[in-house]
Amino acid sequence: MDANNQSAGSINIGIDGPQRAEIVKGLSALLADSYTLYLMTHNFHWNVTGPQFNSLHLMFMAQYTEQWTALDMIAERIRALGHPAPGTYKQFVGLTSIKEVEGTPKANDMIRHLVAAQEATARTARNLFPTVEAAKDQPSADLLTRRLEVHEKTAWMLRSLLEDQ
């Protein structure tokens, strides 16, 4: 079918169906990691205690707020590529590379868990680059670059809190 006679449901953006499906697979994993990180950060915001309470409570709020916005960007990119975005706990559990934290850790352990989760999310984003580059999918590459910048910077800032301990 040529570009002028497309049906309303067809997609002709210059990335073929199998490439889009492979990109969506990676973006779905990124969405699952991002949602799991969001939930962990929000949980720690609610439950942090100790001498660092105020600074961590506020820091975690800024982080989960940023992550909430990112979830929408990732899901909307999946939709733009013509696939449904995963959106259930069951789907996220099956796709995420981040382990759920049991109980309520102490503040410094919360920070350690968040560093590991930020780094895991960065790895998931980075692993998708060869696929998006092969498909010449600049919007997905741009999204991945922005997410990597946030996750790497946030991991560094969190690691800085653990120095001299």
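The values are calculated or read from the model by the stated rules, or taken from the named source; none is laboratory data. Values in this document were obtained by computation on a predicted structure and should not be read as measured data. Note that we place each Cβ from the backbone using ideal geometry, even for glycine, and neighbour counts take in every protein chain shown.
So that you can scan it fast, the table gives a plain yes or no per residue for (1) within 13 Å of the chain's Cα centre (by Cα); (2) more than 14 Å from VAL24 (Cα to Cα); (3) not in a helix (DSSP H, G or I):
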| residue | (1), (2), (3) |
| --- | --- |
| TRP46 | no, yes, no |
| THR49 | no, yes, yes |
| THR69 | yes, yes, no |
| ARG77 | yes, no, no |
| ILE111 | no, yes, no |
| GLN118 | yes, yes, no |
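Can you pull out the residues in segment 72-87 that are free of Cβ contacts under 8 Å to residues at least 40 places away in the same chain and basic (Lys, Arg)? Once the filter is applied, which keeps residues that are free of Cβ contacts under 8 Å to residues at least 40 places away in the same chain and basic (Lys, Arg), segment 72-87 yields only ARG79.
Looking only at segment 43-54, decide whether some residue is aliphatic (A, V, I, L, M), at pLDDT 95 or above and either over 23 Å from ALA117 (Cα atoms) or touching a helix residue (DSSP H, G or I) at 6+ places or on another chain (Cβ under 6 Å) (or both). Yes - at least one qualifying residue is present in segment 43-54. Of the residues making up segment 133-156, those that are closer than 15 Å to ALA120 by Cα and in contact with a Lys or Arg (Cβ under 8 Å, 6 or more places away or on another chain) number 2. Looking across THR69, THR96, one residue alone is of a type in the set (S, T, N, Q) and either surrounded by 18 or more Cβ atoms within 10 Å (Cβ to Cβ) or modelled with pLDDT under 95 (or both). It is THR96.
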